[in-house]
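Student: Before I ask anything, let me first share the structure, which is written out below as structure tokens.
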Amino acid sequence: MKKNVFIIIMALFHFDLLSEDRISIATYSHFNSESEPEKWWKSGNQNKKPIILSYDRFYSDSNFYGLALFNNSFGQFSQYIYKGHQYESRFNNIHYELSYGILHGYKDEFQDRIPINTEEGFGIGVIPSIIYTKDKNHYFGLSLMGDAGLIFSYSKKIWKLLKNDINNLNKLNLLPNWLQINRGDDNER
């Protein structure tokens with residue numbers, strides 16, 4: 001077990017995932033245009049467990065790129081590779097985000113469900129979001145999926161998520177001397 005934890009930590013350092021990056025879990029809901037739920041599910045919304053997992057890598061204070069993985073509304077595995085920007089608001093704990101990128105996975109009879117899409121399932125995605133920051137570590141978001149629905153998300157900074165575990169490994173001397181770290185709470189946003 002200790003060896004596995006060490007290997008995971010090494011991989012994280014190798015990929016520099018311990019910066020101000022964040023991971024997110026989200027769910028989505030469609031705007032129901034049908035009057036009866038049976039017709040709504042028959043109209044194509046077949047994914048009854050809509051979960052989105054995403055990773056955002058910040059390369060400046062307000063710019064990021066990322067990857068989201070999910071099953072679309074029709075049960076097809078889909079990916080969204082994007083670039084984004086944060087915009088400040090007048091409110092202390094609220095900011096706006098806009099992401100845009102390549103959306104893949106809407107294929108075959110469902111390829112026309114996103115406006116710009118190829119036969120191979122590659123399309124363009126643009127997602128505006130409103131984000132509430134609880135304490136510089138926890139984020140709650142509301143995003144718009146075009147005219148199809150809303151995404152509800154929870155995000156956490158990776159460094160904040162792993163910092164306590166890494167400090168515990170340091171205290172137990174489970175890390176080699178050259179890997180011992182003391183990063184503290186510097187560079188908090």
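Student: For the range 59-82, state whether one or more residues are out of contact with any Gly (no Cβ under 8 Å at 6 or more places or on another chain), closer than 15 Å to Asp21 by Cβ and surrounded by 15 or more Cβ atoms within 10 Å (Cβ to Cβ).
Tutor: Yes: the range 59-82 contains one or more residues that are out of contact with any Gly (no Cβ under 8 Å at 6 or more places or on another chain), closer than 15 Å to Asp21 by Cβ and surrounded by 15 or more Cβ atoms within 10 Å (Cβ to Cβ).
Student: Go through the range 69-92 and give me each residue that's touching a residue at least 24 places away in the same chain (Cβ under 8 Å) and not in a strand (DSSP E or B).
Tutor: Those that are touching a residue at least 24 places away in the same chain (Cβ under 8 Å) and not in a strand (DSSP E or B): Asn72, Ser73, Phe74, Gly75, Gln76.
Student: Of (1) over 30 Å from Phe91 (Cβ atoms); (2) in contact (Cβ under 8 Å) with a residue 60 or more places away in the chain, Ser153 satisfies all except one. Which?
Tutor: Among (1) over 30 Å from Phe91 (Cβ atoms); (2) in contact (Cβ under 8 Å) with a residue 60 or more places away in the chain, Ser153 violates only (1).
Student: Something else about it: Which residue out of Asp16, Asp61, Asp108, Asp21 is among the charged types (D, E, K, R), at positive phi and modelled with pLDDT of 60 or more? Can you show your working first?
Tutor: Details: Asp16 fails: modelled with pLDDT of 60 or more; Asp61 fails: at positive phi; Asp21 fails: at positive phi.
None of the other options fit; the residue is Asp108.
Student: Hey, could you check the range 93-128 for residues that are aliphatic (A, V, I, L, M) and outside any strand (DSSP E or B) and say which is nearest to Leu150 (Cα to Cα)?
Tutor: So the first thing to find is which residues in the range 93-128 are aliphatic (A, V, I, L, M), and the list is 94, 98, 102-103, 114, 116, 124, 126-127.
Subsequent filtering for residues that are outside any strand (DSSP E or B) retains 114, 116.
Values: Ile114: 15, Ile116: 19 Å.
Out of the qualifying residues, it is Ile114.
Student: Select from the range 111-128 the residues that are modelled with pLDDT under 90 and surrounded by 14 or more Cβ atoms within 10 Å (Cβ to Cβ) and list them in ascending order.
Tutor: Gln111, Arg113, Ile114
Student: For residues in the range 129-157 being assigned to a strand (DSSP E or B) and closer than 27 Å to Asp108 by Cα, which is modelled with the lowest pLDDT? Steps first, answer last, please.
Tutor: Pass one, the range 129-157, residues assigned to a strand (DSSP E or B): 129-133, 138-145, 149-157.
Now drop any that are not closer than 27 Å to Asp108 by Cα, which leaves 143-145, 149-151.
Details: Ser143: 96, Leu144: 95, Met145: 89, Gly149: 86, Leu150: 92, Ile151: 94.
The residue in question is Gly149.
The values are calculated or read from the model by the stated rules, or taken from the named source; none is laboratory data. Since this is a predicted model, take the numbers as computed values, not measurements. With ideal geometry, Cβ positions are generated from the backbone for all residues, glycine too; neighbour counts draw on all protein chains shown.
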